[in-house]
Amino acid sequence: MSDGLSIRAGRLLATPGHGGGQGASAIRIMGGRIAAIEAADPAALSPPEADALLMPALANAHDHGRGLRTLAFGAADAPLEEWLPALARQPRIDPYACAALAFARMAESGICAANHCHNTQDGTQLLAEAEAVSRAARDVGIRIAFALPFQDRNPNVYGKLDPLLASLPAEDRPAVVARANALRGLETNMALIEAIGALEHETFMLQYGPVAPQWASHETLAAIAAASQETGRRVHMHMLETERQRQWADAHYPGGLVPFLDSIGLLSPRLTVAHAVWLRPDECALLAERGVTVSINLSSNMRLRSGRPPLHDIRAAGLRFGIGLDGMSFDDDEDMLRELRLVWHFHARDADPMAAGELFDAAMRSGRHTIVGDDGGGTIAIGAPADLIAIDFAAMSADCVHDDIDPVAILLGRMKAAHLQRLVVAGRDIVIDGRCVSIDAEALERELTAAGRAAFAAQRADDGRIARMQQAVRGYYDAGCHRSGGD
Ligand SMILES: [Zn+2]
């Protein structure tokens, strides 16, 4: 915490997209919050300060903290259900290094807060993995909501296992069955919530993470709904990411999946649902009525062939939404600033297209709300948490032939992580001159890559088995097995 820190910049967008910006400004920070916002003398600014545009930092509304990226271990982008078996290629790596590197990369694109849906490497070591993520959140210094994964059904396919087993050679079947039998139960997960709750600190918050409706039993979903209501702890869940999930939901919930979730009390202002690509307008309306927030994840949905987020319907229903990277950004580089531009352009032909202010609100305020709740952040105002970014606006606009071009138009056309100068979270400098300074991310990246190469070489993935599983999974869904009864 840097009490008394003063940040100066040539331009200020206190709430981007809402009203004009301000010129040279100085922001004083005390106790991690903004204490004063004053006009500054442009002549007194240093050259980097004069170049900078200050605005609120961004929130990544859905991610998994992939310090080792999926492409780096050979899981090629593919339809989600066929991609999941390829994640078995991931070598065992240090969970601290994995999380810290992911958080540092996020910081370098202006992210001050992220939902971390934890993917366990070893389901029996979740407490130790959570402790490592909590240390990474403290060391890097961005605000992390850790969703503890509750998955107690359908780890292989959505529906009965028999047709899948029948299409696999006998030697591949035991591992598939073992996977289905190795899931942590509700009681174990609830005990882990207690234990991991003790690890919470200013930048590490715990959430219930029912992985998705097709992956969590009714008993588990209902228990989480009740526990969340009792404790106020938030819930983060994937939902209706792919067409196959939509088809499974329609076959298994004749009265509707979303009304079912409502009937057990899961829909509340404490719930975030990720993806929701296949939501229908009436479902958007019900979620909006219950105060749920959606994280849209456009790049991930393209890369995993999931479809296009129904942003028009989400907005028409008044359903609050944030923006997430899901560890699957378009250039595989955790660039949140580019992601905003993708969302902006991708939906520009929607009937009633978004205003710029809505886009920035999604990334700065609504997404943030799903991580830290309502803390007054996501805007630069006196009393708000001091979570800010400085962007090198001079570099972004060097070719402009006059000085009063709308900075928002330049941001929407050009902003990317390479323009980030500085990230401040709770008054602490996390990124300076575009580089994470709270940890040595470059050294960590070298170490993680070397360790990943060594671990992969020591225990090579069984490419043949993964390919057979992918083919069997594809056949399972092509045959419509997920549309018949049973789980
Ligand atoms: Zn995800």
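Observations on the model:
- Share of Cα-Cα pairs in segment 328-482 lying beyond 21 Å, as whole percent: 66 percent
- Accessible area (Å², per residue) of the chain, counting only protein heavy atoms and a probe of 1.4 Å: 38 Å²
- Square roots of five times the Cα gyration tensor eigenvalues for segment 33-192, Å: 42, 18, 13
- Of 57, 47, 30, farthest towards positive along the dipole that unit charges on Lys, Arg, Asp, Glu beta carbons give the chain: 57
- Between segment 81-143 and segment 200-254, the alpha-carbon center distance in angstrom: 20 Å
- Normalised alpha carbon radius of gyration of segment 275-371 [divisor 2.2 N^0.38 Å]: 0.99
- When +1 charges are put on Lys and Arg Cβ atoms and -1 charges on Asp and Glu Cβ atoms, the dipole computed for segment 58-379 relative to its Cα centre reaches about 160 debye.
- Relative contact order, percent, segment 305-359 [alpha-carbon distance under 8 Å, six or more residues apart]: 30 percent
- Computed from the Kirkwood radius of its Cα pairs, the Stokes-Einstein diffusion coefficient for segment 28-112 at 25 °C and 0.890 mPa s stands at 146 µm²/s.
- Only the Cβ atoms of Lys and Arg (+1) and of Asp and Glu (-1) were treated as charged; on that basis the dipole of segment 175-253 about its Cα centre amounts to roughly 240 debye.
- Ranking 284, 226, 124 by how far each Cα lies toward the positive end of the dipole of segment 58-379 (charges on Cβ) leaves 284 at the top.
- Magnitude of the charge dipole for segment 52-139, about its Cα centre and with charges confined to Cβ atoms of Lys, Arg (+1) and Asp, Glu (-1), is about 180 debye.
- Taking the chain and dividing mean pair separation by its residue count, relative contact order in percent (alpha carbons under 8 Å, at least six apart): 24 percent
- Note on segment 157-283: Kirkwood hydrodynamic radius from all Cα pairs is 16.4 Å, rounded to one decimal.
- Per-pair calculated FRET efficiency, R0 = 25 Å: residue 443 and residue 302 via Cβ, rounded to 0.05: 0.15
- Counting protein heavy atoms only, the chain has 51 percent of its accessible area on carbon and sulfur, 1.4 angstrom probe.
- Note on segment 146-194: Rg/Rh from C-alpha atoms, Kirkwood Rh, equals 1.09.
- Dimensions (Å) - the chain, Cα atoms, principal axes, largest first: 76, 50, 45
- A 1.4 Å probe over all protein chains sorts 379, 220 by accessible area into 379, 220, starting with the largest.
The values are calculated or read from the model by the stated rules, or taken from the named source; none is laboratory data. All of these numbers come straight from a predicted model, not from anything done at the bench. Ideal geometry is used to build each Cβ from the backbone, glycine not excepted, and the neighbour counts take in all protein chains shown. Side chains included, ligands, DNA and RNA excluded: accessible areas come from the protein's heavy atoms. Shrake-Rupley method; radii C 1.70, N 1.55, O 1.52, S 1.80 Å.
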